[in-house]
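Everything on this sheet refers to the single structure shown next.
The values are calculated or read from the model by the stated rules, or taken from the named source; none is laboratory data. All values derive from a computational prediction rather than experimental measurement. Positions of Cβ are generated from backbone atoms using ideal geometry, with glycine treated the same way; all protein chains shown enter the neighbour counts.
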Amino acid sequence: MAIQRPDVSWLCGEYAWEYYCFMYIRATPQEVVARLGGHWEDFKPGPFPGDPDRYPGPGERLGVTSLGDWTFVFDPDWLGTDENVVRRLSKGTRLVSQAALGVKGVDYFYWCDDGEIKFCFAADEGYMMEPPAELAATMAQIDRLYPPLALPHDGPAFLLVEHLTGIMPTEQLLKGSTLMWGVVPVPTKS
């Protein structure tokens, strides 16, 4: 099936001028919060930020919600770009993480299965490894849809998320979700 360019103008025009990090983990929200060292009972419901000026910053609360069998994490600390964190969160399951700082053209993308990084795109370094065979058809379609050197946050990362999770993170889906908001400890460097 041919894929279409997703409309990410709502995100790139608002949030990506600051930054964002979205993680998708095939686990329950309670499991994800516990793996991050948080306490589920301390999390309180609230909406996806509708105003980029109210976007949480580093050290502030992160939001989690269930999207089918997956937990979506709206991450203000870019935990989804820390290889130790993504490996730990993916133990026994799958994790996909996308992060962008649009104003500087900085992107990160991770796909991990059971603690192993399967594919990674990191900021100015580009692809950290060759895309695996499982991504070949999707990467070929992305190459047909986008000009060379297209920034992942301009659409390609969203297509990879959809391929790996079955979730297309649209404005309607995310802004229509109630997230549970709370603080998790800053991970220790090992």
Return yes or no: is ALA140 surrounded by fewer than 18 Cβ atoms within 10 Å (Cβ to Cβ), out of contact with any Gly (no Cβ under 6 Å at 6 or more places or on another chain), at pLDDT below 90 and of a type in the set (A, V, I, L, M)? yes
Hits in region 143-163 - residues which are out of contact with any Lys or Arg (no Cβ under 7 Å at 6 or more places or on another chain), among the hydrophobic types (A, V, I, L, M, F, W, C) and touching a residue at least 60 places away in the same chain (Cβ under 8 Å): PHE158, LEU159, LEU160, VAL161
